[in-house]
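Peer 1: One structure follows; several queries about it will come next.
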Amino acid sequence: MELIASAPGKLVLLGEYAVLEGAHALALAVNRRAKVRIAARNDGLCVVNAPDLEMLDARMSIDADGRLHWLCAEADAGKLRLVDHVWQGLLEEGLAPPTNAGFCLDLDTAGFFEAVGANRAKLGLGSSAALAVALASALAVFAGHGDAVADQPSWLRRLLRMHGNWQDGHGSGIDVAASLAGGLIAYRCSGQNARPHVTPLDWPVVGVHCLFVWSGQAVSTVDFLRRLAQWRLDHQAEYAAHMRDLGALAEVATAALQQGRGADYVQMVARYATALRDFGAATGLEIFSPVHNRLADIVASAGASYKPCGAGGDFGVVVAEDADRLARIERRILDEGLHSKPLALDPQGFTCAIHLT
C-alpha cells in the first residue's frame, strides 16, 4: 500500500494575538503544501526521508509499547522531532500504527522555501502545522483509522492537542485549523473546554484586493508567544486591555468580511494594524519590524491598508478596495527592492489518496 497526503500552509489575515483570548481570527490557506508519502514495507523497518531537513534514510523501529526507537545518530533523530511528537500524540489517541508496521516515510516541505541567491530561506507560512496535519492524518489513515480523520471537527480537536504540546500550549491552533480545512476560515477557540469553531468564508470578496509581501526576515512565532506569556505575568491588566481592543476590532472586521462589506473590512485592517502596533510597543515584541514599518508607510500614502500576518511573521498583507490601486502599490514596493509573493487561496485542506501496489 502507498499513501500520498498533503496539507496547505496558511497566512493569518487578521485577529492574531486576539485569537489567543477567544476572539475571531481570519486565516487563508495558501497554495504551498506539505506532502507526505507512506509506502508499506514487509520487513518491520521504518525509514524516514526528509530532504528539506537534509535527512535521508533515517531508520527507526516501533518498540513493544508502541513508541518509536531511532536507529540513527541522536543528532539526526533530533532533526525529526516533529515525527516523534506526532507519533506520540497518535499513540496517546490510540491511533498509531501497530508495532509490526514497517514503512518508508517521505516528507516534502520544499514549497515552504524560497531561493535567495545561492541559499534557501524558509517562508513563514505555517510549515510545521501543515506537516503535522499531513503527517498525523496520513499515519492515522495508514493505521486503519480513516474514520477518525474523516470526522473533521473531532479530528481537529485531536490535532490541536498534538500540535499544542509541540508549541508548549502557547498557540491558538489557527494554523492547524487552516491546514485541515483549506480555503478562508473564521476561527475561534474559546470556552471552558477550548472547543474550536471553524466557519468557512467566501473568497474573494468584492472590494477586497490583497497583495502578500515577504519581508525576507524569519521570525520565530513560538519565541514571540513564549515572551508574551512571560510579559503577561507582570502586566495582567495592561494585557487584558490590549486584548479587549484587539478582540473588538477583530470581531467587527470578521463580520464585515462575512457580510461582504469590502470597504469596511479594508478600514478595519488599518485600525487593527494600529492596535497591533500599540500592542507590540507595550510588550516589547517587534511585531512591526523596520521592514513592516516601511511597507506600512508606503501603503498608507497610497490610500490602502497594511499589516503583518500572524504573530510577528515575515509576511505582510496589503489590502485595497480596487485592483488598480493595488497594482500601483505593488510597483512601488518592487521599486523599493522588496518582494511580493504570488500566493493564492488553496481551497483544499488535507487530502489523501491510497494506492494498492
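The values are calculated or read from the model by the stated rules, or taken from the named source; none is laboratory data. Keep in mind that this is a model prediction, so the values were computed, not measured. Every residue, glycine among them, receives a Cβ derived from its backbone with ideal geometry; neighbour counts consider all protein chains shown. Heads up: the accessible areas ignore ligands, DNA and RNA and are worked out on the full protein's heavy atoms, side chains in. Shrake-Rupley method; radii C 1.70, N 1.55, O 1.52, S 1.80 Å.
Peer 1: Give the calculated FRET efficiency between residue 339 and residue 226 to the nearest 0.05, with a Förster radius of 35 Å applied to their Cβ-Cβ distance.
Peer 2: On the way: r = 28 Å, r/R0 = 0.81.
Computed FRET efficiency for residue 339 and residue 226: 0.80.
Peer 1: Using a 1.4 Å probe over the heavy atoms of the protein chains, calculate the carbon and sulfur portion of the accessible area of the chain as a whole percent. Could you put the intermediate results ahead of the total?
Peer 2: Working: 7470 of 15460 Å².
That fraction is 48 percent.
Peer 1: Let me ask something else about it. Out of all DSSP beta bridges with both ends in the chain, state the antiparallel percent to the nearest 5. Kindly include the intermediate steps, with their values, before the conclusion.
Peer 2: Values: 60 of 64 bridges.
Around 95 percent of the beta bridges assigned by DSSP in the chain are antiparallel ones.
Peer 1: Estimate the FRET efficiency between residue 218 and residue 53 by the formula 1/(1 + (r/R0)^6), using the beta-carbon distance for r and 22 Å for R0, to the nearest 0.05. Walk me through the numbers on the way to the answer.
Peer 2: Working: r = 16 Å, r/R0 = 0.72.
That gives a FRET efficiency of 0.90.
Peer 1: Helix 323-335 sits at what angle to the longest principal axis of the chain, using alpha carbons and giving 0 to 90 degrees rounded to 10?
Peer 2: 80
Peer 1: Could I ask something else about it? Mind listing the phi-derived Karplus ³J(HN,Hα) values for region 264-273, rounded to whole Hz, using 6.51, -1.76 and 1.60 with θ = phi - 60°, and x for any glycine or proline?
Peer 2: Listing the rounded values in order: 5, 5, 4, 5, 5, 4, 5, 5, 5, 4 Hz.
Peer 1: Still on this structure: For region 248-332, what is the Kirkwood estimate of the hydrodynamic radius, computed as the reciprocal of the mean inverse distance between distinct Cα atoms, to one decimal in Å?
Peer 2: Values: mean 1/r = 0.0756 Å⁻¹.
Over region 248-332, the inverse of the mean reciprocal pair distance is 13.2 Å.
Peer 1: Which distance in nm do the two modelled labels at residue 328 and residue 236 give, with both placed 7 Å along the Cα-to-Cβ direction?
Peer 2: Distance between label points: 5.1 nm.
Peer 1: Can you show me the helix-derived [θ] at 222 nm for the chain, built from DSSP H runs with n ≥ 4 at -39,500 (n - 2.57) apiece and divided by the number of residues, rounded to the nearest 500.
Peer 2: Numbers: 11 runs with 146 residues, N = 357.
That comes out to -13000 deg cm²/dmol.
Peer 1: For q = 0.17 Å⁻¹, what log10 I(q)/I(0) does region 213-259 give under the Debye formula with an equal point scatterer on each alpha carbon and no solvent?
Peer 2: -0.76
Peer 1: Which value, in Å², gives the accessible area per residue of the chain when a 1.4 Å probe is used on the protein heavy atoms? Walk me through the numbers on the way to the answer.
Peer 2: Numbers: 15460 Å² over 357 residues.
Dividing the accessible area of the chain by its residue count gives 43 Å².
Peer 1: ³J(HN,Hα) across region 140-153 via Karplus (A = 6.51, B = -1.76, C = 1.60, θ = phi - 60°), whole Hz, x for Gly/Pro?
Peer 2: These are the phi-based 3J(HN,Hα) values: 5, 5, 4, 7, x, 10, x, 5, 5, 6, 5, 7, 4, x Hz.
Peer 1: Moving to a separate point now. Identify which of the listed values of Rg and Dmax of the Cα atoms in Å was calculated from the structure shown: (1) 41.2, 131; (2) 24.9, 87; (3) 20.8, 64.
Peer 2: (3)
Peer 1: Also, I was wondering about something else. Using alpha carbons only, how many degrees (0 to 90, rounded to 10) separate the axis of helix 221-234 from the longest principal axis of the chain?
Peer 2: Orientation of helix 221-234: about 70 degrees from the principal axis.
Peer 1: Another question about this same structure. Taking the Cα centre of the chain as origin, sum charge times position over the Cβ atoms of Lys and Arg (+1) and Asp and Glu (-1), and report the length of that vector in debye to the nearest 20. The partial results should precede the final answer.
Peer 2: Values: 31 positive and 39 negative charges, 77 e Å.
With only Lys, Arg, Asp and Glu charged at Cβ, the dipole is about 360 debye.
Peer 1: Still on this structure: When the C-alpha atoms of region 1-147 are aligned to their principal axes, what extent does each axis show, in angstrom, from largest down?
Peer 2: 48, 41, 28
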